[in-house]
Amino acid sequence: MSPKENSGSEQGGTKPILEGEMMAITRREFLKAAAAAPVLVEGGLLASSGTAHAEVKKGETVNIGFLAALSGPDAGWGLPGLTGNQMFIDEVNAQGGLLVGDTRYPLKQYAFDDEAIGSKALQGARQLVLQHDVKFISAIGGNPADATHPFLTKKKVFYATLISTDIKPDRPYLIGGGDVTPRIDMLRPWYHKFNDPKLNRWAVVSQDDTIGRTCQAWEVGSAYAEGWDVVYDKHYSLETTDFAPIVTAILATKPDVVSLNLSYPTFVALIWEQLYLQGFKGIISQNYCDVEAVLQKVPVEYAEGGTDSFPLFDDPWWGEPSHQHDFIKEWMKRYGPGAPEDVHRHITGIDWDHVITLRVWAHGAQLAGTFDPDKILEALRAEKSIPTILGPAVMYGKDMWGIDNMISPPIPINEIRNGTKRIQAQVRFEEWFESRKDKIITVVREKGQMWDQRK
């Protein structure tokens, strides 16, 4: 039995037990677990206790920053995230502001295009903090996280990275995990092996930068832990425009699966094109796939079965009514074709990706009754279940990053079906990792990519 045979249907199903310890989550079980989480009210946030009948004050506006690539090859992970954040901010402001203690605070967002360049990210961080006094920054991470963390740590400003590999103990206000990177890259080797135990040869490639090297190390460690023969494990230059020779070298190793790890969206489409042109017949797996961009390069039949982890919120898996379907309906009404703020593109997983951590930060402020960052972190870590749009999360990650600053919700795993991504399983990461962490961490250390090995 595989996760895709036993999950995601409207009827739900029984829960497959993997090696006696780990569980893929059916839609019915997901909804049951979500119902057990703190009650979602007022746009997904908890009403502060003790204020229901008290006089509510109006506070000053609290500013939120968005510091990410809004242009260039990395923009696919940045620019769309502005929509989800703005939807949440407008939702909160329609209620008079974020209720923290006995005061409602309006929210306002300011954006800066760092083009995924460290020096520009530091410039943007200084502008957002010194000119706009932002309390929270949404970001992609990687080199920009390295460049900004000394300044933001000194100023005690939250930096919410998409890439959990940025988390370190000397970055106490850097949080991640709403985005499932690199946990999905670690789970994909398990997923493909579980679906077809006969598969044996794993090839992986990504760009040669901070996020590529670190995320690929965690994937390779996980592939070895799952019994794969890793036949290709290399990085390409960020300046690469011709992927033909790279794909030729990959296919020379005769892989069963080609993983693109955390390759930038622009690179993903170009690699898919070469895999198609050079006749690869196996599985193509990646962290994130912009299906619309890929289908401009390959026939829809070729894309069938391609795997990633950024689901669509109109997926039948979620059921209806659901928070996910509500999100996509509101997004389409506001940003879709012919809408008042038409962005002239399809909705992507990044439209909802950044806002996960923004909502968690706001939830933490309500729990703590203050915007003090240390008290917010303390409150979040004390929670047994934190509501997110992907399901109940916990604060986790000390064995991986040296500090529990990773938000860990269930991990969705998608496959392309008739040109559309559809969820095949949702998996809890923590149980899987606990049983394999020693093998995985050994490989990551051999590659010099543990948090205490990287400067």
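Among the residues of region 347-364, some residue qualifies, meaning at least one is crowded, with 22+ Cβ neighbours inside 10 Å, farther than 17 Å from Pro412 by Cβ, free of Cβ contacts under 8 Å to residues at least 24 places away in the same chain and not assigned by TED's automatic domain parsing to the domain that holds Ser285. Collect the residues in region 159-170 that are modelled with pLDDT of 95 or more and buried (at least 24 other Cβ atoms within 10 Å of the Cβ), keeping them in residue-number order. Of everything in region 159-170, those that are modelled with pLDDT of 95 or more and buried (at least 24 other Cβ atoms within 10 Å of the Cβ) turn out to be Tyr159, Ala160, Thr161, Ile167.
Might you check whether a residue that is at pLDDT below 95 and either acidic (Asp, Glu) or in contact with a helix residue (DSSP H, G or I) (Cβ under 6 Å, 6 or more places away or on another chain) (or both) occurs anywhere in region 199-212? Within region 199-212, one or more residues are at pLDDT below 95 and either acidic (Asp, Glu) or in contact with a helix residue (DSSP H, G or I) (Cβ under 6 Å, 6 or more places away or on another chain) (or both).
Among the conditions (1) part of a loop (DSSP other than H, G, I, E, B); (2) assigned by TED's automatic domain parsing to the domain that holds Ser285; (3) touching a residue at least 24 places away in the same chain (Cβ under 8 Å), the only one that Phe194 does not satisfy is (1). For region 233-272, filtering for residues that are within 25 Å of the chain's Cα centre (by Cα) and outside any loop (DSSP other than H, G, I, E, B) leaves 15. Gly419 fails exactly one of the following numbered conditions: (1) of a type outside the set (D, E, K, R); (2) surrounded by 19 or more Cβ atoms within 10 Å (Cβ to Cβ); (3) at positive phi. What is the number of that condition? Among (1) of a type outside the set (D, E, K, R); (2) surrounded by 19 or more Cβ atoms within 10 Å (Cβ to Cβ); (3) at positive phi, Gly419 violates only (2). For region 207-222, the set of residues classified as surrounded by fewer than 23 Cβ atoms within 10 Å (Cβ to Cβ) and assigned to a helix (DSSP H, G or I) consists of Thr210, Gly212, Arg213, listed by residue number. Every condition in (1) surrounded by fewer than 24 Cβ atoms within 10 Å (Cβ to Cβ); (2) among the hydroxyl-bearing types (Ser, Thr, Tyr); (3) in contact with a helix residue (DSSP H, G or I) (Cβ under 9 Å, 6 or more places away or on another chain) holds for Thr153 except the one numbered (3). Tell me whether region 137-145 contains one or more residues that are in contact with a His (Cβ under 8 Å, 6 or more places away or on another chain) and of a type outside the set (Val, Ile, Thr). Checking region 137-145: at least one residue is in contact with a His (Cβ under 8 Å, 6 or more places away or on another chain) and of a type outside the set (Val, Ile, Thr). When we screen Leu262, Leu238 for residues that are in contact with a strand residue (DSSP E or B) (Cβ under 7 Å, 6 or more places away or on another chain), within 18 Å of Lys447 (Cα to Cα) and hydrophobic (A, V, I, L, M, F, W, C), the only hit is Leu262.
Filtered by the rule that a residue be of a type in the set (Lys, Arg) and touching a residue at least 12 places away in the same chain (Cβ under 8 Å), region 153-191 gives Lys155, Lys156, Lys168, Arg171, Arg183, Arg188.
In this structure, Ile175 does not qualify as aliphatic (A, V, I, L, M), under 13 Å from the mean Cα position of the chain (by Cα), closer than 30 Å to Gln426 by Cα and assigned to a helix (DSSP H, G or I).
Listed by position, the strands (runs of 3 or more DSSP E) inside region 58-144 whose residues that are more than 26 Å from Gln207 (Cβ to Cβ) number at least 3 are 62-68, 98-100, 103-105, 107-113. Elements of the type helices (runs of 4 or more DSSP H) sitting completely within region 350-455 and holding at least 3 residues that are over 19 Å from the mean Cα position of the chain (by Cα): these cover 350-368, 373-382, 437-446.
The values are calculated or read from the model by the stated rules, or taken from the named source; none is laboratory data. Quick caveat: nothing in here was measured; it's all calculated off a predicted structure. Note that each Cβ is placed from the backbone with ideal geometry, even for glycine, and that neighbours are counted across all protein chains shown.
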